[in-house]
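Asker: What follows is a structure written as structure tokens; I'll ask about it next.
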């Protein structure tokens, strides 16, 4: 049995299509995150009766209620860890 070692990490491979797809997905995720943030902001400002934006706010509120207090603390911890790792 032979030991095969990968000499180059996957990110260093010269595959332009994969890089383009990764870049597209990253930007698409950024846009979706901004859209959700704006939707929640409009829902908070104008109330749950606002068309579309209020529904997003209600869905987010119900999801946070389902998590409970411990879930929110765990979610905040995961977000902080992610931010710390991302900065390095």
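The values are calculated or read from the model by the stated rules, or taken from the named source; none is laboratory data. Fair warning: this is a prediction, and the values are worked out from it, not measured in the lab. Here Cβ is always computed from backbone atoms with ideal geometry, including for glycine, and neighbour counts include all displayed protein chains.
Asker: For residues in the stretch 1-25 being loosely packed, with under 10 Cβ neighbours inside 10 Å and in a helix (DSSP H, G or I), which is modelled with the highest pLDDT?
Answerer: It comes out as 17.
Asker: For the stretch 37-57, name all the residues that are surrounded by fewer than 12 Cβ atoms within 10 Å (Cβ to Cβ) and modelled with pLDDT under 80. So that I can check it myself, show each step before the final result.
Answerer: Of the residues in the stretch 37-57, the ones surrounded by fewer than 12 Cβ atoms within 10 Å (Cβ to Cβ) are 37, 45, 47, 49, 51-52.
Scanning the stretch 37-57 gives 45, 47, 49, 51, 52.
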